[in-house]
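Input: a single structure, listed below in structure tokens.
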Amino acid sequence: MLRIENLTKTYGSKRAVSNLTLHIRPGEIYGFIGHNGAGKTTTIKACCGILDFDEGDIFIDGISIKKDPLECKKKFAYIPDNPDLYDFLSGIKYLNFIADVYAIPKSEREERIRRYSDLFGLTPDLAQSIGSYSHGMKQKLALVSAFIREPKLLMLDEPFVGLDPKASHTLKELMRDLCSRGGAIFFSTHVLEVAEKLCHKIAIIKNGELVVSGNTDEVRGDSSLEQLFLELVEG
């Protein structure tokens, strides 16, 4: 579903990501872990076509993000760590705007908006302007806007930051459901306990370079993911 092949991205003389290769297959929840500045956000933004890169290529459902970015963007949804939404719109107008952009038929969008807004407890607030929303509510709205598209691939940057426990539980269940239907998820997180319990596979990146990747149980071994992470990034 997502193939990152020999990705290299530099900022001036600094290599933010160096020769990174990862494959995220249908049905997989793939956690991407690293310290601040390790290259996680740069990688995800490159996968989304937001950032250009120097070497390598990225394929989404077999299509190169370099050669056909528009077709790729029809297949995935991306949620940044701090969603930048249109504060002057109401929640419902924003969701309908997203539905228009991705050509979701009106007969389907109403049911999807209702379903996902109800799950995140956001339905009573959809008539309010986004500018009046808390950070957590904005995060929920961004998640609803992603799920109503029913993407094949979901890419998330620190998705659990700002969510209350109920919303976090809902998000985990929706992530599992998407993958059970053949989708895939690639997400970064600092919440190692979540990654350990939720992810089928994980990758740890340090200073732009892949340190280890594979099935979560195999990578973790007999230690906790937190112990392994600390050993790898401090070693």
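Here is how the numbers come out for the structure above:
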item: Qualifying positions in region 59-79 - assigned to a loop (DSSP other than H, G, I, E, B) and of a type in the set (D, E); result: D61, D68
item: Residues satisfying the stated conditions in region 185-223, i.e. hydrophobic (A, V, I, L, M, F, W, C), open to solvent by less than 50 Å² (accessible area, probe 1.4 Å) and part of a strand (DSSP E or B); result: I185, F186, F187, I202, A203, I204, I205, V212
item: Qualifying residue in region 106-119 (condition: assigned to a helix (DSSP H, G or I) and either among the aliphatic types (A, V, I, L, M) or in contact with a strand residue (DSSP E or B) (Cβ under 9 Å, 6 or more places away or on another chain) (or both)); result: yes
item: Residue check, E55 exposed (fewer than 15 other Cβ atoms within 10 Å of the Cβ) and either free of Cβ contacts under 8 Å to residues at least 12 places away in the same chain or closer than 25 Å to V191 by Cα (or both); result: no
item: So K166, is it touching a residue at least 24 places away in the same chain (Cβ under 8 Å), out of contact with any Asp or Glu (no Cβ under 9 Å at 6 or more places or on another chain) and within 15 Å of F187 (Cβ to Cβ); result: no
item: Any hit, region 30-41, residues being exposed (fewer than 15 other Cβ atoms within 10 Å of the Cβ) and touching a strand residue (DSSP E or B) at 6+ places or on another chain (Cβ under 9 Å); result: yes
item: Filter result (over 16 Å from the mean Cα position of the chain (by Cα) and either part of a strand (DSSP E or B) or among the hydrophobic types (A, V, I, L, M, F, W, C) (or both)) within region 41-58; result: F53, E55, G56, D57
item: Candidates R3, R15 - the one that is part of a strand (DSSP E or B), touching a residue at least 24 places away in the same chain (Cβ under 8 Å), farther than 23 Å from K152 by Cβ and open to solvent by 60 Å² or more (accessible area, probe 1.4 Å); result: R15
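The values are calculated or read from the model by the stated rules, or taken from the named source; none is laboratory data. Only a predicted model underlies this, so the values are computations on that prediction, with no experimental measurement involved. Cβ: placed from backbone, ideal geometry, glycine included. Neighbour counts: every protein chain shown. Heads up: the accessible areas ignore ligands, DNA and RNA and are worked out on the full protein's heavy atoms, side chains in. Shrake-Rupley method; radii C 1.70, N 1.55, O 1.52, S 1.80 Å.
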